[in-house]
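The values are calculated or read from the model by the stated rules, or taken from the named source; none is laboratory data. Computed from a predicted structure; not experimentally measured. Here the Cβ positions follow ideal geometry from the backbone for every residue, glycine too, while neighbour counts run over all protein chains shown.
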Amino acid sequence: MGLLTNLRDSISRVTDGLFTDSEPKRIGIYGPPNAGKTTLANRIARDWTGDAVGPESHIPHETRRARRKENVEIERNGRKVTIDIVDTPGVTTKVDYKEFLDHDMEKDDAVRRSREATEGVAEAMHWLREDVDGVIYVLDSTTDPFTQVNTMLIGIIESQDLPALILANKTDLPDSDVQQIANAFPQHETIPLSALEGENMDEVYTKIAEYFG
Amino acid sequence: MPHQCTECGRTFPDGSKEMLSGCPDCGGNKFQFRPAGQSTDSSGTPSKRTPSEGTPSKDTASEPEPEPPSSQQSGGKPTTRTSPESTPTGRSDSASSADLPSRTESDAGPATPDGDVETSRDTSETADAAVDREKTTQRVHDEETEDAAQASARSDVVSRDELDRASRDVSATEEPTPDHSESPRPDVDELRNELNEQFESIRIVSPGQYELNLMELYDRQEYIISLQEDGRYVIEMPDAWGVED
C-alpha cells in the first residue's frame, strides 16, 4: 500500500516535471456579444499555435457554437502554461432576429441565426457550469459594463470560485474607457487590450500564465 | 356525511381526516361514499355524487341538529379559510367539520328523514334559480367549507401552498358569483406567468425572438442543444453526458 503510494507520488513528480501541469486547464472566453471574444481567441491561437479558432465578424452572434482550441502552450518568463481555449457565443438575455436584418440578411437567415445564437447561449451557460476551469471575461471598453448579463455572469464565476481575468477590449477605439470597466468590477484586475491590433497582448499572456498556470 | 364505515356505520363528512387512519370507533378501513341524499338507504348504493346534489344535502345533514349561534362560532374557527364575515346562512356547513363527533352520533344510523332531503333539494334548486344575493352567498359558502374540509383532509398529501391557493380561489368568489368555475382562471394565469418567470429557461417570444433566463440555463443539469420551430426543445440529458465522458 505504502509502496503504491510512493510509486504514484514519484510518477506524478516525474509528470509534473515533464509538463508544467498535469492537464491543460480549460479556459472559457466569456462575455457579451461583439465584445471581441473570437478576435481574442484567434489572436491567442495564432500567436501560439499558428491556427485560428473561428471566423470573426462585426455582426453579433457570429459564434453560435462554442469552439475549442486545445493544447495552446503559452510560454512566459521561462514557464510553460498549457490551456484549452473555449471561445463561447456571446451571452445575452434577448436574441432578436430583427437585429440581423440591418446586416443585409434575409429574414429566414436572420431567424435561423437567432435560433442558433440562442442555442449557443444555452450551451455557453452549460459549459460555464460543467466544463470550465477558468474564465477570461472580455468586455468592450467602449460600452457600459453595468449590464444584467455582466453582473450575473461575473456573479456566477465568483460563486464557482473560478479564476477570472477581466479584459477591457477595443482600446484602439477612441471611445474606449478602461476605467469604467475597472470601476464596474473593482474586485478583479482589469487588463486593457486591443485584440484586433494586438495591443498589450504581452501583459495578457503574463496574466494568463499567472491566473491559469 | 358522505362517508360511512361499513363495519360500524359511523359516518364522516366529506373530506374528513379522521377516517384516513381507519374508523376511530371500530378500526374498520372500508368506507362507502354516501351522498347524503341517499342516506336513508342503509344498503348504500353510492350512485351519484354530483356536487349539486351532494352539497346541499350535506347541508341538511347537519341541520337536524341546530345549535345556531354557538356552533357557528366554534365551527368557524377550524375552517380558518372561511371568510370571517360569513353570513348566518353558512352556519350548517361550518358546523360540519367542527361538530363532527356529536354529529356522527346522531347521523350514525340512516336517520335523516325523507322530508329533510326533499327540502334540501328544494333549497338548492331555488338557490340555483334565484339570483337572490343571500342564497347565492350561502351556496358559495357551501362550496367553501367543503373545499376547506377537503383541503384539511388532504393536507398531509398536498403541499400547504397548493391548499392555500385552492382556498383563496374560493374565497375570492365571496361576491355572489355562483359559477365559481370561472374564478380560478385569473389565478392560474397569474401563477403560470409567475412560473414562467421563475423557471422557464428560454422563452420563445416568436420565431427568431427569444428571451433567455441565464440563471435557469446555468442551473439546469441538462442543456438545450436544439430549438424547434414549434417551440419544442431538444435537450441533452446529464446521463448522456456521463456516457460520453
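Being at the interface with another protein chain (Cβ under 8 Å from one of its Cβ atoms), modelled with pLDDT of 80 or more and touching a His at 6+ places or on another chain (Cβ under 9 Å) is true for just one of B:Y223, B:Y218. Which residue is that?
B:Y218
Restricting to the range A:165-183, what's the tally of residues that are in contact (Cβ under 8 Å) with a residue 40 or more places away in the chain and not charged (D, E, K, R)?
4
Of all residues in the range A:106-119, which are surrounded by fewer than 22 Cβ atoms within 10 Å (Cβ to Cβ), in contact (Cβ under 8 Å) with a residue 12 or more places away in the chain and more than 8 Å from chain B (Cβ to nearest Cβ)?
A:E116
For the range A:192-207, which positions are assigned to a strand (DSSP E or B) and closer than 17 Å to A:A52 by Cβ?
none
Could you pull out the residue among A:A124, A:A164 that is crowded, with 21+ Cβ neighbours inside 10 Å and within 10 Å of chain B (Cβ to nearest Cβ)?
So the residue among A:A124, A:A164 that is crowded, with 21+ Cβ neighbours inside 10 Å and within 10 Å of chain B (Cβ to nearest Cβ) is A:A124.
When you scan the range A:49-98, how many residues do you find that are crowded, with 19+ Cβ neighbours inside 10 Å and assigned to a helix (DSSP H, G or I)?
0
Which residue pairs have Cβ atoms under 9 Å apart, sit 6 or more places apart or on different chains, and have a first residue in the range B:209-226 that is within 14 Å of A:E116 (Cβ to Cβ) and a second that is part of a helix (DSSP H, G or I) and at pLDDT below 85?
none
Could you list all residues from the range A:127-161 that are free of Cβ contacts under 8 Å to residues at least 40 places away in the same chain, within 14 Å of another protein chain (Cβ to nearest Cβ) and charged (D, E, K, R)?
A:R129, A:E130, A:E158 - these are the residues of the range A:127-161 that are free of Cβ contacts under 8 Å to residues at least 40 places away in the same chain, within 14 Å of another protein chain (Cβ to nearest Cβ) and charged (D, E, K, R).
Please specify each residue of the range A:186-213 satisfying the condition of being more than 20 Å from A:N71 (Cβ to Cβ) and among the aromatic types (F, W, Y).
Residues satisfying the conditions do not exist here.
Going through the range A:31-48 one residue at a time, which ones are part of a loop (DSSP other than H, G, I, E, B) and of a type in the set (F, W, Y)?
None; the set is empty.
Taking the range A:101-140 on its own, how many of its residues are hydrophobic (A, V, I, L, M, F, W, C) and touching a His at 6+ places or on another chain (Cβ under 8 Å)?
1
Look at A:G155 and say whether it is modelled with pLDDT of 90 or more and closer than 28 Å to A:A209 by Cβ.
So A:G155 passes the test.
Would you confirm, using the coordinates I've provided, whether A:A182 is under 23 Å from A:E56 (Cα atoms) and of a type in the set (A, V, I, L, M)?
Criteria not met by A:A182.
Pull up the range A:157-172, narrow it to residues that are small (G, A, S) and within 13 Å of the chain's Cα centre (by Cα), then point me to the one that is farthest from A:H188 (Cα to Cα).
Only one residue tops the list, namely A:A168.
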